[in-house]
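Below you'll find the structure, written out as structure tokens, and then a few comments.
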Amino acid sequence: MSVHTALTRRRQRPNHRDDGALGRQQRRIFLPFVAPALLVYLALFIAPATVSVYVSFQRWRGAGDRMEPAGLDNYRRLLHDDVFQTAFANTLKIVFLCGIGIFVLAFAITVLLRHTRGRKTLRTLLFFPHIISPIAIGVALGLLLAPDGFVNASLRAVGLDALATNWLSPDNIFRTIMIGIVWVTTGFYVILLMAGVDRIPPYFYEDSELAGANEFQKFWYVTLPLTWDVVSVAAVLWVINSIKIFEFIYAFTGTGDAPPVSSRTLTIQQFLVSTGGRNPSYELGYACAMGVVMVVLIVLLVALLRRAMRRDAIQF
Amino acid sequence: MTIKLPDSPITDSEDAAARATPPPHGPTRSRCGRRSSGPFRMLGVPLTWIWACFNVFLLLWVILTAFRNGSEIFTDPFQLPRSLDPKNFTDAWNSSDLGSGFMNSVVIVAAAATTVIALSAPAAYVLSRGQRRSSELITMAFVAGMGIPMQAVIIPVFVWMQNISTYMYDTFGWWDERISLYLIYVASSLPFTVYLLTGFFRSLPRELEEAAALDGCSSFRTFRVVMLPLARPGIVTATILLVISLWNETLLALVLITETDKYTLPQALLGLYGTMQYTSNWGGLFAGIVIVVLPIIAVYIWLGRRIVEGLTLGAGK
């Protein structure tokens, strides 16, 4: 630990001409080592992101079309676009409703698995849908939940006809999608939280047991405070990743030519107003405005989350 | 509120393996009996098992259905396949774009992953060893990229790539949209990979570099001969995570690639899904899902622990 601190201190020292040959050598390779990655990143990621902000103030249909300045028109249009507002609300529903579901389940499973036999097997099995192509999962679930699909057929076979509904009808589809997202994603957060919980020394639990704490008290007074930093990182990750979800929903809604409005999120809607759908409409300025809204949403939510979850680090 | 305890068994080490190993069960085992009587556990453990079994069931259902005759799937959903004839697989591979999609995906993913590692590893190394303020700034710039969704980048990229291909067609008579896709895959994968590898290089001891320098090694040689082999576990993990995420990526492919023979695998699966709704050869569609999923399942069975460690390492800091 002390070596580590010493290194950190040395790294942070601002001006140092006295760090010998090693330091000089490393300064010499700094630029050639960093420049290629940095240039590609700036040219193909940061530059288009910046141009996106500019295009969001234009009216533009892409290559060959002259850009016309549109002022705030694109953003004003967002405020009056009912489809966009549904999409925005749906994205927020995923962030918050699915988020709460995922974190509650992930915590419950983490606590449950602390002393369950086969915890590694369970963790492995819960996690694997997360790394499988969301397109493949979406298509498979779409077939599983089709009106005459396996799920409804099973429900009818055991006499639960009342429960067999059209899971993919416009009224139900978004609810089904949200459940699907919770199902696919929870395993990932189980892994993150479990890594945090495993770092807690067991004598904390032994101590609290001697004091007569029940499962919930142990969770509330030991597990949660001691994994707080992991939880806050996981929450930030969820906000960033949930707003980006695209493939899963896209595959769920069929081939995506015209998914029902009720199932659209910001990502789907942006795809449809730019290059997606049967007859792409190439409203690029408008689509860029949506992209900007997504970035603002992410920055805002992450900032709020960090502020809400800020605690003094507990060292143990 | 700060609780400081002496001699905790696991200090905040950078070692992911230490985090991934569960705490010793020994002393607590004896109390398991009492604990399991709580209603939370009585209900929760079986429910978790049911969940896990459902995941396995879904996978098996897809694989079994892939061997069945198309129209029966909906008329008789509980029937098992009558034979293990791989006809659906050969059909899906040959008659739709899945075969070419598979090859396209393999080539694009392999090329992009290699390039990303080749660019990120040196950058991450000097950034982790950086003694200047600029290295901190650059690291921050890469980390910020993880928070920018593709949707905020994609429109200009789409137009630029259109322009590039028009220009290349006009000047050289040739361009391949798969190259455009490859370029964007590389750029968009850099933030996470640089971040992951920076964390990994930071955990390597500095003494080795000093020793190498004393022995007259140049910095470049030190990196290539000493540090790179040491960082191999980190690089392997980063590569697996890259391959998985690029293999599954679909949005950029949908936007940039228009010709069916250049489709990536997930895109080809979507195309197959579209036509199946008219031909109702559902068995072929299930075979298609298996073709998309199986490589990743194989990688997961083979290197699952690495994937889990990499994810916690990437997120745990």
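The values are calculated or read from the model by the stated rules, or taken from the named source; none is laboratory data. What you see is a predicted model, and the numbers here were worked out from it, not measured in a lab. Neighbour counts run over all protein chains shown; Cβ positions are idealised from the backbone, glycine included. With ligands, DNA and RNA removed, areas are computed over all heavy atoms of the protein, side chains included. Shrake-Rupley method; radii C 1.70, N 1.55, O 1.52, S 1.80 Å.
Structure values in brief
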read-out: Accessible-area composition of the protein assembly as shown, carbon plus sulfur, in percent [1.4 Å probe]; value: 65 percent
read-out: Cα gyration tensor shape for region B:227-278, rounded if a/c is under 1.5, else prolate or oblate; value: prolate
read-out: Choice from A:Pro36, A:Pro260, A:Pro134 showing the highest fluctuation, given a GNM over chain A with Cα pairs closer than 10 Å; value: A:Pro36
read-out: Cα gyration tensor category, rounded, prolate or oblate, for the protein assembly as shown with a/c compared to 1.5; value: oblate
read-out: Whole-angstrom gap from region B:107-137 to region A:93-171, using each part's C-alpha centre; value: 37 Å
read-out: Sum of side-chain charges, A:Ala287 neighbourhood, beta-carbon under 15 Å (Lys, Arg +1; Asp, Glu -1); value: 0
read-out: Mean projected area (nm²) of the alpha-carbon convex hull when region B:86-315 is viewed from all directions; value: 16.0 nm²
read-out: Distant-in-sequence amide H partners of A:Arg59 (H built 1.01 Å from N, under 5 Å); value: A:Glu68, A:Ala70
read-out: Rg(Cα)/(2.2 N^0.38 Å) for region B:151-216, N = residue count; value: 1.87
read-out: Rounded to whole Hz, the Karplus (6.51, -1.76, 1.60) HN-Hα couplings of region B:43-56, x for glycine and proline; value: 8, x, 4, x, 4, 4, 5, 4, 4, 4, 5, 4, 4, 5
read-out: Shape call, region A:199-253: gyration tensor on alpha carbons, a/c limit 1.5; value: prolate
read-out: Convex hull of region A:204-313 built on C-alpha atoms - directionally averaged projected area, nm²; value: 9.7 nm²
read-out: At R0 = 45 Å, FRET efficiency that the Cβ-Cβ distance of B:Phe172 and B:Arg224 yields, to 0.05; value: 0.80
read-out: Highest-fluctuation residue, A:Tyr250, A:Tyr221, A:Tyr41 considered, GNM on chain A with Cα pairs under 10 Å; value: A:Tyr41
read-out: Accessible-area value, A:Phe216, 1.4 Å probe, nucleic acids and ligands omitted, Å²; value: 130 Å²
read-out: Area hidden from solvent between B and A (accessible, protein heavy atoms only, 1.4 Å, total, Å²); value: 11000 Å²
read-out: Surface accessible to a 1.4 Å probe, B:Trp174 within the full protein complex, Å²; value: 140 Å²
read-out: 1.4 Å probe, heavy atoms, protein only - residues of region A:211-260 losing at least 50 Å² accessible area vs chain alone; value: A:Glu215, A:Lys244, A:Glu247, A:Thr255
read-out: Highest-fluctuation residue, A:Leu272, A:Leu42, A:Leu193 considered, GNM on chain A with Cα pairs under 10 Å; value: A:Leu42
read-out: Residue-by-residue Karplus 3J(HN,Hα) for region A:145-152, coefficients 6.51, -1.76, 1.60, Hz, glycine and proline x; value: 9, 4, x, 9, x, 4, 5, 5
read-out: Table column - 3J(HN,Hα) (Hz), region A:51-57, Karplus curve with 6.51, -1.76, 1.60, x for Gly and Pro; value: 4, 3, 4, 5, 4, 5, 9
read-out: Accessible surface, per residue, of the protein assembly as shown when the full set of protein chains is kept, probe 1.4 Å, Å²; value: 45 Å²
read-out: Dimensions in Å of region A:117-185 - Rg and Dmax from alpha carbons; value: 14.1, 42
read-out: Two-site label geometry, A:Lys120 and B:Asn94: point separation in nm, points 7 Å out along Cα→Cβ; value: 4.4 nm
read-out: Solvent-accessible area of B:Ile148 with every protein chain in place, 1.4 Å probe, in Å² to the nearest 10; value: 40 Å²
read-out: Spin-label proximity, B:Trp302 to region B:225-258 - amide N less than 20 Å from point 7 Å beyond Cα toward beta carbon; value: B:232-249
read-out: Inter-part distance where region A:286-310 and region B:180-258 are each reduced to a Cα centre, Å; value: 28 Å
read-out: Long pairs among A:Lys244/B:Lys262; A:Lys120/A:Lys218; A:Lys120/B:Lys262; A:Lys120/A:Lys244, criterion Cα-Cα beyond 31 Å; value: A:Lys120/B:Lys262
read-out: Expected-Rg normalisation [2.2 N^0.38 Å, Cα atoms] applied to chain A; value: 1.27
